[in-house]
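J.: The structure's right below; bear with me while I get my questions together.
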Amino acid sequence: PDECWNTGTDTSDHVACSNTVNVQWLLNTADASSNDGLNCPDSLQLFPPTLQPTSAQPTPDLYSPTQPPSIEPVGAVDCAAAGNPLQVMKYDDDDEYSVRMLDYATGKYDVLYKLDWFEGHINAVGMVYDSTKQAYYNVAGITEDGSSQLCRFGGNVERIECYGALAVTKPNAGTVLVDRYYYAKDPGNKDEKGIYWVDHVDSSSPEFHSDLKFVIRTDLYEDGVLDFAPLREELDDSGVGRTGLTVTSNFIDDGVTGDYLIGLGEHLEVLVVYIDSEGYPSKYAVLPSTLDGDADPSSQEIGAAWTYLTVESLGVYEAELLFSSNEDKGVFTTTLPITIPSNCWNEGLDTSTHVFCDAATPVPLVTKYKGPGDDVKSNDGMNCPFVVNKDPTPSPVVAPKDPTPAPVATPATPAPVPAPTAAVPAPTATPSILVSSQLIVDNVPSDMDDDALTDVVSAALVDTLSGIRDSNDVLACDVTATATVTPTSSPTAGPLEATGAPTPVAVEAEQASTISGSVAFAGLSQPDAEANKAVIEDGLARVAGVDAGACSVTSISAARRRRLDDGAGVTVDYEITVSLETAQDVAMALAEAAADPTLVDAAIAEAAAAAGASSTFAACTTSSITSEVVSSVMSAYSFSFAYNVPYSYSYNMPDMAGLDCFNETLTAFSCYMDLYPDDDAAML
């Protein structure tokens, strides 16, 4: 900036510029003294490529230094292998940091890699998705020589990549909310402190913010909050392998759709921080809680927090928050939504009016995973947000129901598969071949194409096989849909056959599906809802695009948890009966309404006007709507689609991919056929 230039011989008005220059570490060098630098100015490549051999014998170069190696970038997180909650910590009185993953069954933290090369302070960690590299990366507040920076780190290289200075030294609470990094140092402990943030942390040029919109009063909870779990209620679920939907869910019941940070004080007080539209932490609330029904749980440091998200293809969007005790008392979760009365929000830098929210319903925390575990210190949590948690005890694998399963021939004494030929080098790890399995998938919607269903089946197989094997080494599973339709009874003569995508078959009796769900309304009392059930049925039918007679309200109940300033609230359970041909369209219409509840508001208003009940529904608004296809009724016959899953060739080698993997697969297949040329059944 112009104001940073200093001129003249009078230095009284010379200043240091407040702008930051990012300096990136490149490589280690030897200690030096009484030194200065020089270089050839036209050598633009700092690290020239490896020299290529020539046909002629080169003249020896006795004076050029050895070519320096290329710098390996900080590696991404392997979310398939490290999907459980992760912590950076000093473990078991270690002086060094390590990255460890929680074992749900034992409560222990298993080491993934050590950071013994680093002598500074690491905390306030999170995980950010870099869309340009299509991978997740660890970020943290890293402190060396008295200053703290935002940096990326990984397990593949002994270095960090830093992007700029943080507003506080040694932050110990941090998280990433999509592309924003939020951090603090003991917020609420000893001094009045706030929460800072950095925008665009998914890029190489983050934007740092050091101004605050509030500070936290020190007597609202015991000691400090040591980590945050992030929540975004309206999510753009884009990226590799995602649904591509924009989904919405009411995780914090405060009348708006927003972004939040959730943390726990030492007496398990619940800190909820609201993030405004600019990205600033702009207000906060502190609520009471119970732990396993106990309103007065013992004090303990909650040093790590994680958020796991689930987005389904029909738009259902759910979140699970996990909080870990540093004192071996377990991992806790809570039921969402968390309800916050409007008068419980605290704002501004003057904390004299800030209050603890006694009026709020206590947030019910429950112990999800118990010890015996590990006492940890100087720790913080991070996780891949879309990896599904596996329970401590894997669910049993149910054998598929096949009325006439085809026998799979197995050689009496199978010979070992020979090593691949020299043309295709063999991997160092022993490959495994998974010979075919078969699934019977019932009640498949008639208009669901093969591609959509095989994607679901493939993902389910990978997750299931990874969960029951000794290690998560199932990389992929290719599914080929070969649909076979088997009628229970047929009103028409002759058997039914199908090739390619399943198609509906005309029958004498009607085929139908039932879609059920619930709607949460605010501003509507239970008596008014009961008296105007037909209006609600008509409104929901308008949302779904069906006749009013197809929708029925099955129950109406007062909302279990409502905002104190609503005055009224009800939850309505409903069912919609539709034909199989229209079930998918209806499900999509309800999913759109779940993403935008104002569609329900408009339909209810139209139905109320038609029934002359506009005044009753004048203050009624939709908080949320859910739906699920619960049954498919086929009065004439039912379909069973058998999908054949050919064998998959999987490696316990993360670097085996692409053409190498394909060549190895062909080699293994040819070796098998050479050994068992007549055993066609074994290859089916």
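J.: Tell me whether segment 85-205 comes out rounded, prolate or oblate; compute the Cα gyration tensor, take square roots of the eigenvalues as a ≥ b ≥ c, and use a/c under 1.5 as the rounded threshold.
T.: Verdict is rounded for segment 85-205.
J.: Quick check: the distance between the Cα centres of segment 221-268 and segment 91-139, to the nearest angstrom?
T.: 22 Å
J.: Do any trypsin sites (Lys or Arg not before Pro) in segment 119-224 lie in a loop, going by DSSP, with at most 14 other beta-carbon atoms within 10 Å of their beta carbon, and if so which?
T.: Details: sites: LYS133, ARG152, ARG159, ARG180, LYS185, LYS190, LYS193, LYS213, ARG217; in loops: LYS133, ARG159, LYS185, LYS190, LYS213, ARG217.
Of the trypsin sites (Lys or Arg not before Pro), the ones in loops of segment 119-224 whose Cβ has at most 14 other Cβ atoms within 10 Å are LYS133, LYS190.
J.: I'd like to know which of SER249, PRO297, LEU261 lies farthest towards the positive end of the charge dipole of segment 191-324, counting +1 on Cβ of Lys and Arg and -1 on Cβ of Asp and Glu.
T.: Going by the Cα projections, it comes out as SER249.
J.: Suppose every Lys and Arg Cβ carries +1 and every Asp and Glu Cβ carries -1, with no other charges. What dipole size does segment 220-318 come out with about its Cα centre, to the nearest 20 debye? Let's see the in-between values first.
T.: On the way: 3 positive and 20 negative charges, 71 e Å.
So the dipole magnitude of segment 220-318 works out to roughly 340 debye.
J.: Between rounded, prolate and oblate, where does segment 88-134 land on the alpha carbon gyration tensor, with a ≥ b ≥ c its root eigenvalues, rounded for a/c under 1.5, else prolate if a/b exceeds b/c? Show your work: numbers first, answer last.
T.: Working: a/c = 2.47, a/b = 1.25, b/c = 1.97.
In terms of gyration-tensor shape, oblate.
J.: Now for a separate question. Could you tell me whether segment 134-235 comes out rounded, prolate or oblate from its Cα gyration tensor? Rule is a ≥ b ≥ c as square roots of the eigenvalues, rounded for a/c under 1.5, then prolate if a/b exceeds b/c, otherwise oblate.
T.: On the way: a/c = 1.89, a/b = 1.43, b/c = 1.32.
Note, shape of segment 134-235 comes out prolate.
J.: Put +1 on the Cβ of each Lys and Arg and -1 on the Cβ of each Asp and Glu in segment 178-337; which of SER204, TYR280, LEU322 then has its Cα farthest toward the positive end of the dipole?
T.: Among SER204, TYR280, LEU322, the one farthest towards the positive end of the dipole of segment 178-337 is SER204.
Read the figures in this text as sums done on the coordinates, not as results from a lab. Please read all numbers here as calculations on a predicted model, not as lab measurements. When we count neighbours, we look across all protein chains shown, and the Cβ atoms used for this are built from the backbone with ideal geometry, even at glycine.
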